[in-house]
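One structure is given here, and the rest of the page talks about it.
The values are calculated or read from the model by the stated rules, or taken from the named source; none is laboratory data. Every value quoted in this text rests on a predicted model; they were computed, and no experiment measured them. With ideal geometry, Cβ positions are generated from the backbone for all residues, glycine too; neighbour counts draw on all protein chains shown.
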Amino acid sequence: MSQFVSVFDMLKIGVGPSSSHTLGPWRAAQSWVKKLRESGKFDELDRVIVDLYGSLSLTGKGHATDLAVLLGLCEADPETIPIEDIAIIVERINNQQELIFKGGKVIPFLPSSVVFHREFLPYHANGVTFRAFHEYVEISTETYYSIGGGFIVQEDDNLENDIEINQKNFPYPINRAIQLEEYCERDDLLISEVVFKNELELRSADEIDFELNRIWETMLECMYLGCHTEGKLPGGLNVKRRAFDTHKNLIKDAFYANPKEWIDAIRSTEVKFREILKWVSCLALSVNEVNASLGRVVTAPTNGSAGVIPAVLMYYLVIENHEANFNHVKRFLLTAGEIGSLFKKNATISAAMGGCQAEIGVSAAMAAGALTELMGGTPSQSLVAAEIAMEHHLGLTCDPIAGLVQVPCIERNSMGAIKAIHAAEIALETNPKDCLVHLDNVIDTMWETAKDMNKNYKETSEGGLAVTVRLADC
């Protein structure tokens, strides 16, 4: 049996630009410092070395991995840290060349204390080792792997959430899509209802609603911020933010002071047919422009693919159902989270392991399945939609120019959102019994494709656009 993956594992609040290269290493650093404190070695600590391996090293600068480990070592929380404090903390560390831990402990920390190694560790492409010293004697060494979506593991450990998914622990133990489909058919339940019943084994209904609402509000704030921020993205590519201009052309001279006022106004407006795709594209771009600026986003299932799900959910709220309420948002997120977990359990959501098919492909599948449920589709049709969305992302490579989560990453969220909507429309007109390919088939195919893919196309910036378009040419 595999481990239980909660919707709140798939949808995490964190800081961009990458869940695997920013959020994961950040969480790993936090975990290591916590271990030092629990073992009693923290008081002896007077020097730290951080070794980055594989993809974490090759694209580490562009993905802000070096900054993430500094923030994690300082014990800042990516979910709650004020975004404006990030630059202040990093600048202080670099200028003063010292780390300040909670409680006031201070140790020297030079820029050379973060070491970039080109070699890959055998367990996973994203490896990071933390080494602690006391008077030049090594007192602790721990290696973590960031396996996508902010998940971290150690080679001899299970996932952080190591609850086994079985009949004893959960009413609906799910490892494969076919099991989910059979439960829904047997008990006449929607996918979201099955997921909700499993989540009730871990937390109360009120807690589930509270957390899902917090996730949705973070998505909404992110879209609002992206649509109202102009200029260029950081990192040296001089990529212009496009959501601002597109949004301005859509709303004309209107002004909205906050996300709630904004979404209420959009939903009360009759959107012209030719503007629908513009809205979807604008919203997807807005999220990932915030992500590229080290802003706060929701992994869905990763930071690099964070724009697809909120853009498709907004499509439903703004275009398809103006009367929709939080219950619809809840169902969408629960269904999306479960579909994402199937890929997490049986393939990967890490671009460093599977290319961009593991990020944009999975997010499109999640969004397509969730939208299909809200549009009145059966559970089987939701799984058909997820299968269609992923099938047409198979083989998609990850080749970020200069290691930045900008080109082609931001545009891919727009394309993924459009594909998700189209996949849902096809699925709603499909009899699942007529389908030759099941979601489980495409998940297995994605994993086989990932294993066959040349490593240069797995988030290394050593293939594709990252090679044909150089930073110096921009």
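In the stretch 252-300, what count of residues is obtained for those that are of a type in the set (S, T, N, Q) and assigned to a helix (DSSP H, G or I)?
4
Is there any pair with a first residue in the stretch 38-51 that is under 17 Å from Leu71 (Cα atoms) and a second that is in a loop (DSSP other than H, G, I, E, B) whose Cβ atoms are under 7 Å apart and which are 6 or more apart or on different chains, and what are they?
From residues that are under 17 Å from Leu71 (Cα atoms), the pairs are Val48/Phe109; Asp51/His117.
So which residues in the stretch 56-92 are closer than 22 Å to Lys34 by Cα, surrounded by fewer than 20 Cβ atoms within 10 Å (Cβ to Cβ) and of a type in the set (Val, Ile, Thr), if there are any at all?
If the condition is that a residue be closer than 22 Å to Lys34 by Cα, surrounded by fewer than 20 Cβ atoms within 10 Å (Cβ to Cβ) and of a type in the set (Val, Ile, Thr), then Thr80, Ile81, Ile89, Val90 are the ones that fit.
In this structure, does Gly127 turn out to be in contact with a strand residue (DSSP E or B) (Cβ under 9 Å, 6 or more places away or on another chain), buried (at least 21 other Cβ atoms within 10 Å of the Cβ) and assigned to a loop (DSSP other than H, G, I, E, B)?
When the stated conditions are applied, Gly127 does not pass them.
Just checking: which of the helices (runs of 4 or more DSSP H) contained wholly in the stretch 363-474 hold 2 or more residues that are among the charged types (D, E, K, R) and under 23 Å from Thr348 (Cβ atoms)?
379-391, 409-428, 439-452
Of (1) of a type in the set (Gly, Ala, Ser); (2) modelled with pLDDT under 95; (3) surrounded by 20 or more Cβ atoms within 10 Å (Cβ to Cβ), Ser2 satisfies all except one. Which?
Unmet condition: (3).
Within the stretch 103-116, work out how many residues are in a loop (DSSP other than H, G, I, E, B) and crowded, with 16+ Cβ neighbours inside 10 Å.
1
Quick check on Glu38: is it assigned to a loop (DSSP other than H, G, I, E, B) and closer than 18 Å to Glu142 by Cα?
No; evaluated as a whole, the condition is false for this residue.
Got at least one residue in the stretch 230-251 being of a type in the set (Asp, Glu), loosely packed, with under 15 Cβ neighbours inside 10 Å, part of a loop (DSSP other than H, G, I, E, B) and modelled with pLDDT under 95?
No, every residue in the stretch 230-251 fails to be of a type in the set (Asp, Glu), loosely packed, with under 15 Cβ neighbours inside 10 Å, part of a loop (DSSP other than H, G, I, E, B) and modelled with pLDDT under 95.
Here is a list: Asn346, Asn321. Which entry is touching a His at 6+ places or on another chain (Cβ under 8 Å), surrounded by fewer than 23 Cβ atoms within 10 Å (Cβ to Cβ) and either in contact (Cβ under 8 Å) with a residue 24 or more places away in the chain or acidic (Asp, Glu) (or both)?
Asn321
I need every pair where a residue in the stretch 324-336 that is assigned by TED's automatic domain parsing to the domain that holds Asn213 and surrounded by fewer than 24 Cβ atoms within 10 Å (Cβ to Cβ) has its Cβ under 9 Å from the Cβ of a residue that is modelled with pLDDT of 95 or more and outside any helix (DSSP H, G or I), sequence separation at least 6 or different chains.
Listed by first residue and then by second, the contacts come to His328/Asn321; Arg331/Leu190.
Restricting the stretch 258-310 to residues that are closer than 30 Å to His63 by Cβ and charged (D, E, K, R), which is surrounded by the most Cβ atoms within 10 Å (Cβ to Cβ)?
Selected residue: Glu289.
I'm told Ile88 meets every condition in (1) within 24 Å of the chain's Cα centre (by Cα); (2) in a helix (DSSP H, G or I) except one. Can you identify the failing condition by its number?
(1)
Starting from residues that are in contact with a helix residue (DSSP H, G or I) (Cβ under 7 Å, 6 or more places away or on another chain) and charged (D, E, K, R), keep the ones in the stretch 375-417 and report whichever is surrounded by the fewest Cβ atoms within 10 Å (Cβ to Cβ).
Looking at the filtered set, the residue picked out is Glu391.
So that you can scan it fast, the table gives a plain yes or no per residue for (1) more than 17 Å from Val308 (Cβ to Cβ); (2) among the hydroxyl-bearing types (Ser, Thr, Tyr):
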residue: Glu207; (1), (2): yes, no
residue: Phe210; (1), (2): yes, no
residue: Thr218; (1), (2): no, yes
residue: Tyr224; (1), (2): yes, yes
residue: Phe244; (1), (2): yes, no
residue: His247; (1), (2): yes, no
residue: Ala257; (1), (2): yes, no
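Taking the stretch 187-201 on its own, how many of its residues are in a loop (DSSP other than H, G, I, E, B) and among the hydrophobic types (A, V, I, L, M, F, W, C)?
3
Of the residues Thr335, Thr348, which is not basic (Lys, Arg) and not in a loop (DSSP other than H, G, I, E, B)?
Thr335
For the stretch 191-239, what are the residues that are among the β-branched types (Val, Ile, Thr) and either out of contact with any Cys (no Cβ under 9 Å at 6 or more places or on another chain) or farther than 30 Å from Lys61 by Cβ (or both)?
Across the stretch 191-239, the qualifying residues are Ile191, Val194, Val195, Ile208, Ile215, Thr218, Thr229.
Could you please tell me which pairs satisfy a Cβ distance under 7 Å, a separation of 6+ or placement on different chains, a first residue in the stretch 85-104 that is assigned by TED's automatic domain parsing to the domain that holds Val33, and a second residue that is in a helix (DSSP H, G or I) and surrounded by fewer than 12 Cβ atoms within 10 Å (Cβ to Cβ)?
Partner pairs satisfying both residue conditions: Asn94/Pro111.
Could you list all residues from the stretch 297-351 that are among the polar types (S, T, N, Q) and either modelled with pLDDT under 95 or under 16 Å from Ala365 (Cβ atoms) (or both)?
Of everything in the stretch 297-351, those that are among the polar types (S, T, N, Q) and either modelled with pLDDT under 95 or under 16 Å from Ala365 (Cβ atoms) (or both) turn out to be Thr299, Thr302, Ser305, Thr335, Ser341, Asn346, Thr348, Ser350.
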